[in-house]
1. Measure up 54/134; 30/170; 15/45 against 28 Å on the Cα-Cα distance and list the ones that go over.
2. Net charge near residue 24: determine it from the other residues with C-beta under 13 Å of the C-beta of residue 24, scoring Lys and Arg +1 and Asp and Glu -1.
3. Within region 28-106, list the GluC sites (Glu not before Pro) lying in a DSSP loop whose Cβ has at most 16 other Cβ atoms in a 10 Å radius.
4. Between residue 55 and residue 94, what FRET efficiency follows from the Cβ-Cβ distance if R0 is 30 Å, with the result rounded to 0.05?
5. Using only Cα atoms, tell me the angle between helix 53-65 and the longest principal axis of the chain; keep it within 0 to 90° and round to the nearest 10.
6. Fully extended, how many nm does the chain gain between residue 127 and residue 101 (0.36 nm per residue separation, minus their Cα-Cα distance)?
7. Taking the Cα atoms only, what angle lies between the long axis of helix 77-89 and the longest principal axis of the chain, rounded to 10 degrees?
8. Roughly what angle does helix 6-15 make with the longest principal axis of the chain, taking Cα atoms, 0 to 90 degrees, to the nearest 10?
Amino acid sequence: ELFRVPNSIMRLAKKLEYNGFSELKILINKENEETGNLIVPINVKKTLELLDYKVLNIVSNKLKYSKTVYFLGVGDSLYYCEMMAQNLNCIEKSSAYCRNYHDIAYHCEHCDKNDILFFISASGENERLNLYAKQASQRGITIISATHFNKNTLSSIADISLFFWGEERKVNGYNVTNRTGLMILLRELSDVFWRNYCV
């Protein structure tokens, strides 16, 4: 189909460090069979479908040109806030995360229009976080949110909303919402951000 002669195929196989075309063909078939058996969890699959790299690039540029980025979240989201602050700090971009509501309130009240408040909340329905986001938004502060893909209060307040798939789930009243999608979203954003910095 490609009008190539057999010795071109042999050279390709040798260049890829196979003994010959037969070995190349067998190993490609084996790889395809293994990939075909891979079961991708639904939250991973749906998060990957939700990723919009145009939006991630817009967010990355806003992060790049801001004075300071504050990552704000509570509970299980706190770990992701810390990770994102470190991902920006590693290339000396000014960023921070807050460990409690008092710090969150302080930064929301004292930040300026050159700063960004990046809220991370699986449900997007934490009343205190939403109140802080709304007050900061009224002052003209840029708000970015990362929430589960649904209609929620935080995403409606935010200037830019990022979404992952992680439906709320509880076991015996304990929150066990799967945040794998959130990790994928934030890692992709970090990679886009680092590329914009040519790292």
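1. Where the Cα-Cα span goes over 28 Å, the pairs concerned are 30/170; 15/45.
2. Value of the local net charge: +2.
3. In loop regions of region 28-106 (DSSP not H, G, I, E or B), the sparsely surrounded GluC sites (Glu not before Pro) are 92.
4. Between residue 55 and residue 94 the formula returns 0.85.
5. In the chain, helix 53-65 runs at an angle near 50 degrees to the longest axis.
6. Computed gain between residue 127 and residue 101 is 8.2 nm.
7. 70 degrees
8. The answer is roughly 50 degrees.
Only the coordinates and a few stated rules stand behind these numbers; no lab work does. Model, not experiment: these values are computed from the prediction. We place every Cβ from the backbone using ideal geometry, glycine too, and count neighbours over all the protein chains shown.
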